[in-house]
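Taking it in order: structure first as C-alpha cells, then the write-up.
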C-alpha cells in the first residue's frame, strides 16, 4: 500500500 | 512605492484562474527582481510557486520589498471587473500597505479598484534547486487529456520514464491500463515530446491534483515534468518572457 506524502517532508522551513 | 503593469492583463487573470482551486490565501512578494508567490494547498500535498520577472512587465518599480496577503477568491472578484484585453496595473502607495490598487485599462475605459490586504502567517519553504533524474517536455493539452482519461479509472496514476519515453498507468477495481507517449521532434515546438532520462523513475501520484494543475495549461502549450525517485514532482509552465508557474506534488510512497 502506498501512502500519500506531504510537501513539508521534503522541503525545509525557511 | 510598488507598481507593476501587465501589458497583457489576460495573462494575470489566467495565472489566478490556474491557482484558485489549489490555494486560498497567499502572500504575494514583490522586490526589485519581480513578483513571486509560494503557497501550499490546505492538505500540504501540493505547492504552488510563481515567479514573474521584472523585465516581463510593461512597467515595473519596487523600491522596497513588500509582502501582500491576498484572498484569491476576493482577488478574482476584482479581476472579474476587467476585460481580457485590458492592461492591468498593480500598485501600492505606503510602505506598509493595507490595500492593493488595480487599474484596468482598455481603449475606452479605465477602472480603479482597491483590494484589502490581509496579514497572513504563512510557512515559507526552501525548495532546493536540484537536478532531476527525468525531465519530460510534452504538450500541455495532451497531459491534461491523459490525466482526465486515466483519472476515470483510478485515483492514483503511475508515471514511469525510460529512454524510450514516458508511460502513464493506472490500476483500479475495474481493471488497468497504460498510455505511452512517444518522443518526437516535430517542427511544431508546441507538439514536441522530449525526455531527458539520466535515471528512470517510477512514481505514483493522486490524479486529483494533476486535474487541478492542468487549469494552468492555458499559460503554455508545453508542460515540463521534472522527476526524481521518491521526490515531489514539479510540473512547470513557462510563462513566455515573464517567468514560470511551478506546481509541486508529493508522491505516494510504499511504507
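Coordinate-derived values only; no laboratory data. Everything quoted here is computed from the prediction, not taken from an experiment. Positions of Cβ are generated from backbone atoms using ideal geometry, with glycine treated the same way; all protein chains shown enter the neighbour counts.
With the Cα gyration tensor of the stretch B:24-115 in hand, give its eigenvalues times 5 under a square root as the equivalent ellipsoid semi-axes, listed largest first in whole angstrom.
On the way: eigenvalues 99, 59, 36 Å².
Equivalent-ellipsoid dimensions as semi-axes: 22, 17, 13 Å.
Hydrodynamic estimate: the Kirkwood radius of the stretch B:1-61 over Cα pairs, inserted into Stokes-Einstein at 25 °C and 0.890 mPa s, corresponds to D of 197 µm²/s. Legend: mean number of C-beta atoms from other chains within 10 angstrom of residue C-beta atoms, peptide B:198-205, equals 1. Label the stretch B:81-150 by shape, choosing from rounded, prolate and oblate, from the square roots a ≥ b ≥ c of the eigenvalues of the Cα gyration tensor; if a/c is under 1.5 it is rounded, and otherwise prolate applies when a/b is larger than b/c, oblate when it is not. In terms of gyration-tensor shape, oblate.
Comparing B:156, B:46, B:216 in a Gaussian network model of chain B where C-alpha atoms under 10 Å apart are linked, the largest mean-square fluctuation is found at B:156.
Which value in nm describes the separation of the simple spin-label points at residue B:118 and residue B:178, placed 7 Å from the Cα toward the beta carbon? Calculated label separation equals 4.5 nm.
Based on alpha carbons, the Rg and Dmax found for the stretch B:45-171 are 20.6, 55 Å. Helix B:140-151 versus the longest principal axis of chain B: what angle, 0 to 90°, nearest 10, using Cα atoms? Here the helix axis deviates by roughly 60 degrees.
Here the stretch B:122-150 is scanned for amide nitrogen atoms under 19 Å from the site 7 Å beyond the Cα of residue B:196 along Cα-to-Cβ, giving B:128-140. Quick one: grab the alpha carbon gyration tensor of the stretch B:121-164, order the square roots of its eigenvalues as a ≥ b ≥ c, and give me rounded if a/c is under 1.5, else prolate or oblate depending on whether a/b is larger than b/c. Since a/c reaches 1.5 but b/c is at least a/b, the shape of the stretch B:121-164 is classed as oblate. Just checking the listed ones, B:74, B:202, B:108: in the Gaussian network model of chain B with Cα springs under 10 Å, the one fluctuating most is B:108. To the nearest 10 degrees, how steep is helix B:9-19 against the longest Cα principal axis of chain B, on a 0 to 90 scale? Result, in degrees: 50. Here the spin labels are modelled as points 7 Å beyond Cα on the Cα-Cβ line, and at residue B:21 and residue B:149 they lie 2.0 nm apart.
Per-residue ellipticity at 222 nm, computed for chain B from helices alone with -39500 (n - 2.57) per DSSP H run of at least four residues, works out to -4500 deg cm²/dmol.
Once you sort the root eigenvalues of the Cα gyration tensor of the protein assembly as shown as a ≥ b ≥ c, which label holds: rounded (a/c under 1.5), prolate (a/b larger than b/c) or oblate (the other case)?
Prolate is the answer for the protein assembly as shown, as a/c is 1.5 or above and a/b outweighs b/c.
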